[in-house]
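Comments concern the structure below.
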Amino acid sequence: MPVMPATIPETHPRRESLLVRERLARGFGEGLVAAEGLMAHGRGEAFDYIIGERTRGFARAAIRAAAATLLLAERPAISVNGNVAALCPGEAAGLARATGAVVEVNMFYADAGDPAGGTWARRRRAAAALARAGAREVLGASPENAGRLPGTDSERGTADVRGALAADVVLVALEDGDRAAALAAAGKTVIAIDLNPLSRTAAAAHVTIVDNVVRCMGELAAECGRLSGNGREELEGARDSFDNAANLASAVRAMAAGLEARAAGAGTA
Ligand code: PTJ
């Protein structure tokens, strides 16, 4: 499907946000992003607007806990869907390098170009995008090692036996709540990236980073680099002192305060 070439002037006040949209639209044109992924991004944008389109303190606290959790993991896995493969494949590959995690593609929506309604062609395209962006090995691109995550009925439950199914820690971004809950029920520690602090995913995860994946995936890799010199005890302290419910409450309060300030005429959040 053809996508309009860039027409966003350098001076446009919302240039950054429009460029991200364009990246996603290009991914849609290349059959990487599901049509529903465009709508999901719109919901994320609305929350991002409310938090002020920057990485806030509550997100930084979660990034630190997530970095410690990943560094302490024995078999970490990073799950990548169509939106993430289009928006920040290089940052996801960088996070895998910083943590020794495996990268696995995972899709919810069927491939629009597949008459049988499968996800494998889109999975392969996402794996290719990740490889081009520097990922060494990408799991989940073929049915060969596919298994099922118990407690999921959707395509999200199809996972690689060497990846998410074998992992002790799984990072998911822009995830649906069912799989986040099923991963947690399977005994895995779940790290989620979700701009919506009210989502089922945000509540089901052990560490939820309420931030735009475009900003925080690279920031998480950088934090792993900064913490990698720390001893086990310090990392355990950073992981175990984090309270996800309290941090989500901080995110909601910050959003409410920003909206109140706006309503009072005091500017944006
Ligand atoms: O490629 P697929 O088939 O695996 O499908 C991917 C999507 C995103 C379409 C699928 O996972 C989906 O439908 O997700 P949901 O249930 O709409 O949830 C996506 C969540 O991510 C929502 O809570 C959004 O607010 C949030 N979100 C959207 N864009 C971003 C985001 N969070 C962080 N960064 C974003 N850029």
Is there any pair with a first residue in region 39-59 that is over 16 Å from residue 15 (Cα atoms) and a second that is more than 8 Å from the ligand (Cβ to nearest atom) and of a type in the set (Asp, Glu) whose Cβ atoms are under 9 Å apart and which are 6 or more apart or on different chains, and what are they?
-> 55/219; 59/219
Residues that are in a strand (DSSP E or B) and within 14 Å of the ligand (Cβ to nearest atom), drawn from region 165-179 | 171, 172, 173
Pairs, first modelled with pLDDT under 95 in region 184-201, second among the small types (Gly, Ala, Ser), C-beta under 8 Å, six or more apart = none
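Got at least one residue in region 224-239 being within 16 Å of the ligand (Cβ to nearest atom) and either in contact with a Gly (Cβ under 8 Å, 6 or more places away or on another chain) or of a type in the set (S, T, N, Q) (or both)?
No: region 224-239 contains no residue that is within 16 Å of the ligand (Cβ to nearest atom) and either in contact with a Gly (Cβ under 8 Å, 6 or more places away or on another chain) or of a type in the set (S, T, N, Q) (or both).
Residues are listed down the side, and each one gets a yes or a no for (1) modelled with pLDDT under 95; (2) more than 19 Å from the chain's Cα centre (by Cα); (3) within 26 Å of residue 91 (Cα to Cα):
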| position | (1), (2), (3) |
| --- | --- |
| 213 | no, no, yes |
| 226 | no, yes, yes |
| 230 | no, yes, yes |
| 235 | no, yes, yes |
| 246 | no, yes, no |
| 249 | no, yes, no |
| 254 | no, yes, no |
| 266 | yes, yes, no |
Whichever residue in region 31-53 is within 13 Å of the ligand (Cβ to nearest atom) and assigned to a loop (DSSP other than H, G, I, E, B) and, among such residues, is surrounded by the most Cβ atoms within 10 Å (Cβ to Cβ) | 33
Regarding residue 165, is this residue more than 17 Å from residue 93 (Cα to Cα), touching a Lys or Arg at 6+ places or on another chain (Cβ under 9 Å) and surrounded by 16 or more Cβ atoms within 10 Å (Cβ to Cβ)?
-> yes
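Results for (1) surrounded by fewer than 24 Cβ atoms within 10 Å (Cβ to Cβ); (2) closer than 30 Å to residue 250 by Cβ; (3) modelled with pLDDT of 95 or more, shown as yes or no for each residue.
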{"position": "62", "(1), (2), (3)": "no, yes, yes"}
{"position": "66", "(1), (2), (3)": "no, yes, yes"}
{"position": "69", "(1), (2), (3)": "no, yes, yes"}
{"position": "88", "(1), (2), (3)": "no, yes, yes"}
{"position": "97", "(1), (2), (3)": "yes, no, yes"}
{"position": "133", "(1), (2), (3)": "yes, no, yes"}
{"position": "140", "(1), (2), (3)": "no, no, yes"}
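Consider region 154-164. How many of its residues are over 14 Å from residue 103 (Cβ atoms) and away from the ligand (no atom under 15 Å from the Cβ)? It would help to see each step written out before you state the result.
Going residue by residue through region 154-164, those that are over 14 Å from residue 103 (Cβ atoms) are 154-158, 161.
Restricting the remaining residues to those that are away from the ligand (no atom under 15 Å from the Cβ) gives 161.
Within region 154-164, residues that are over 14 Å from residue 103 (Cβ atoms) and away from the ligand (no atom under 15 Å from the Cβ) number 1.
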Read through the list (1) touching a residue at least 60 places away in the same chain (Cβ under 8 Å); (2) surrounded by 21 or more Cβ atoms within 10 Å (Cβ to Cβ), then give the number of the only condition that residue 180 fails.
-> (1)
The correct count of residues that are aliphatic (A, V, I, L, M) and under 12 Å from residue 106 (Cα atoms) in region 117-136 is 3
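The values are calculated or read from the model by the stated rules, or taken from the named source; none is laboratory data. If you're wondering where the values come from, they're calculated on a predicted model, not measured in any experiment. So basically every Cβ, Gly included, is an ideal-geometry build from the backbone, and we count neighbours across all protein chains shown.
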